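The values are calculated or read from the model by the stated rules, or taken from the named source; none is laboratory data. All of these numbers come straight from a predicted model, not from anything done at the bench. Here the Cβ is made from the backbone with ideal geometry for all residues, glycine too, and neighbour counts use every protein chain on show. The protein model used for the area step is the full one, side chains on, heavy atoms only, and it has no ligands, DNA or RNA in it. Shrake-Rupley method; radii C 1.70, N 1.55, O 1.52, S 1.80 Å.
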Amino acid sequence: MTDPSARASGAGLGYHDALRALAERGRFGIRLGLGRTRALLRELDHPERSVRGALIAGTNGKGSVLALADSALRAAGYRVGTTPKPHLVTYRERIQVDGRPISPDDFARLVERALAAADRVAPRHGDPTEFELLTAVVFMRFAEVRPDLALVEVGLGGRLDATHAWDGGVAVVTNVDLDHMDRLGDTIGAIAHEKAAIIERGDLAVTGARGDGLAVIRRRARRLGVPLTEVEPAALLGWDRDGIEVDLPRLGATRVGLRGRHQAANVAIADATLDALEAAGIATAPEAARRAGYASAVWPGRLELLRVRDRDVLLDGAHNPAGAAALAVALDDLRAFLEDGPLTLVTATMADKDVDGVIAALARSTALDGATVVATSLDVPRAMPAAELAARWRTGVIWGERVSRPGRVIAEPDPGAALERALAEPGPVVVAGSLYLVGEARGALVDDPALRDPDPTEDA
């Protein structure tokens, strides 16, 4: 339980105190289950009931679908609450309204309230975890500021994820692939079962899943009598340095401001999600708003192209084989639009990921042939050491079976030094393999006042 003495003085938690209190909840780990979250929300007088919207699950593409739908809805004049995750630079990114993160003071105030409620439910239900507490803070914030609707991204799986304590009226499963197999199952069908469970009676559902995953989602929707829209990727018309153009059934030729041909699938799912929100009576995004929103959509750290010191720097999470395969294709597509010179890849990973699968997927990119790979690490418990990751890049796959092979592989444990080393090389820089790494790089390269946290000494 949380020590109440910090709250007894009446001074209230400072922002960094709130972060430390959340981090302390991390000692409870990931404990899937809805009982604690439901009890916490009940103790807080059900803030989740204040808003409707879409709950978005899936192995990949959740964030892109959220970003595209959010952009279109805001172009239509709606105030939209969103929960992008994980954060890149500041924890506050996880709670946004109209694209603006919650303020440090509001974050600290709501965390303090949630902690007090957590203390009250703990004796009967157990201590809520960090993500369960954050989920409560999300809905407390939405209940305060009353956005017109919310787009909420599932954290892990769906069935037992804390966000599933909310039913917004529209359920979206972007796709199903192998990831988090230690918790969700080791087959597509098992993972699909976890994700499809966010579909509840009375919902409208949308999916871009295929094969065994789609079959599971269909069965869930049919059993509950839920209308299910099955979405095919939009036809890809072309691409350039700054995005793609697709052909959508309702809009025709449409500009999308997110890079990578895989966004043709994501924008089709986003468009179907907007249709479902309209059919559910939640929000209506006219064609003009959709066009404007898709063209102006931004999704930081996901094939995000920066210009730094007159250099092209591409940031992308790509933390599982499917994401790495999408990045490999995107690198080949974008190579002609980037500056001359060999690529340098800065990469890090969590040790519990399919590291060899990610490397093998990236090795299918001809743009990475002869590249310099700078393997680094991160200051988190699950991180793979830089030397081990470098060894995997050198010997972990049979390069003769791949399209490309790195020219040099370097181990640099410090991510800041790794980025500087890459920027000293000629040619474009790619930062990929972990959103934690992308967040560190983006924080160093992009000065965004909205993402600046207060000085820790201000909590003293």
Index of the failed condition, ASP354 passing every other in (1) modelled with pLDDT under 95; (2) within 30 Å of PRO101 (Cα to Cα): (2)
Within segment 68-111, tally of residues that are closer than 21 Å to GLY433 by Cα and hydrophobic (A, V, I, L, M, F, W, C): 2
Failed item, numbered, when ARG255 is tested on (1) buried (at least 22 other Cβ atoms within 10 Å of the Cβ); (2) at pLDDT 95 or above; (3) basic (Lys, Arg): (1)
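Run down GLU132, GLU112, GLU144 and say which single residue is of a type in the set (Asp, Glu), open to solvent by less than 10 Å² (accessible area, probe 1.4 Å) and closer than 24 Å to LEU13 by Cβ. Break it down into steps so the answer makes sense when it comes.
Values: GLU112 fails: open to solvent by less than 10 Å² (accessible area, probe 1.4 Å); GLU144 fails: open to solvent by less than 10 Å² (accessible area, probe 1.4 Å).
Criteria check complete, one pass: GLU132.
Going through SER71, SER50 one at a time, which residue ends up being at pLDDT 95 or above, open to solvent by less than 40 Å² (accessible area, probe 1.4 Å) and within 18 Å of the chain's Cα centre (by Cα)? Break it down stepwise before answering.
On the way: SER50 fails: within 18 Å of the chain's Cα centre (by Cα).
Testing whether each residue is at pLDDT 95 or above, open to solvent by less than 40 Å² (accessible area, probe 1.4 Å) and within 18 Å of the chain's Cα centre (by Cα) leaves just SER71.
How many residues does segment 249-267 hold that are of a type outside the set (Val, Ile, Thr) and within 24 Å of the chain's Cα centre (by Cα)?
Initial filter on segment 249-267 (of a type outside the set (Val, Ile, Thr)): 249-253, 255, 257-266.
Within this subset, residues satisfying the condition of being within 24 Å of the chain's Cα centre (by Cα) are 255, 257-266.
Matching residues across segment 249-267 total 11.
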Residue count for segment 403-460, restricted to those that are closer than 25 Å to GLU93 by Cβ and of a type in the set (S, T, N, Q): 2
Those residues of segment 198-213 which are of a type in the set (Gly, Ala, Ser) and farther than 14 Å from LYS62 by Cβ, in sequence order: GLY202, ALA205, GLY211, GLY213
Scan of segment 86-95 for residues that are open to solvent by 30 Å² or more (accessible area, probe 1.4 Å), of a type outside the set (A, V, I, L, M) and either touching a Gly at 6+ places or on another chain (Cβ under 9 Å) or free of Cβ contacts under 8 Å to residues at least 12 places away in the same chain (or both), ordered by number: PRO86, HIS87
Test: ARG261 is touching a residue at least 60 places away in the same chain (Cβ under 8 Å) and farther than 20 Å from VAL206 by Cα: yes
Condition broken by GLU440, with the remaining ones in (1) at pLDDT 95 or above; (2) part of a helix (DSSP H, G or I); (3) open to solvent by 30 Å² or more (accessible area, probe 1.4 Å) satisfied: (1)
Residue in segment 255-270 that is in contact with a Lys or Arg (Cβ under 8 Å, 6 or more places away or on another chain) and over 24 Å from ALA318 (Cα atoms) present: no
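Would you pick out the residues in segment 247-266 that are farther than 17 Å from SER64 by Cβ, of a type in the set (A, V, I, L, M) and in a loop (DSSP other than H, G, I, E, B)? Break it down stepwise before answering.
Within segment 247-266, the first condition is being farther than 17 Å from SER64 by Cβ, and the residues that meet it are 247, 249-253.
Pick out the ones that are also of a type in the set (A, V, I, L, M) and you get 251, 253.
Across segment 247-266, the qualifying residue is only LEU251.
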Complete set of residues in segment 375-392 that are basic (Lys, Arg) and not in a helix (DSSP H, G or I): ARG382
So ALA209, is it assigned to a helix (DSSP H, G or I) and either without any contact (Cβ under 8 Å) to a residue 60 or more places away in the chain or in contact with an Asp or Glu (Cβ under 9 Å, 6 or more places away or on another chain) (or both): no
Those residues of segment 393-415 which are open to solvent by 40 Å² or more (accessible area, probe 1.4 Å), of a type outside the set (Asp, Glu) and at pLDDT 75 or above, in sequence order: ARG394, THR395, ARG405, GLY407, ARG408, ALA411, PRO413
Criterion violated by ILE244 - all others in (1) surrounded by 22 or more Cβ atoms within 10 Å (Cβ to Cβ); (2) part of a helix (DSSP H, G or I) satisfied: (2)
Of all residues making up segment 161-205, the number that are in a loop (DSSP other than H, G, I, E, B) and open to solvent by less than 50 Å² (accessible area, probe 1.4 Å): 12
For ASP182: the one exception among (1) out of contact with any helix residue (DSSP H, G or I) (no Cβ under 9 Å at 6 or more places or on another chain); (2) modelled with pLDDT of 95 or more: (2)
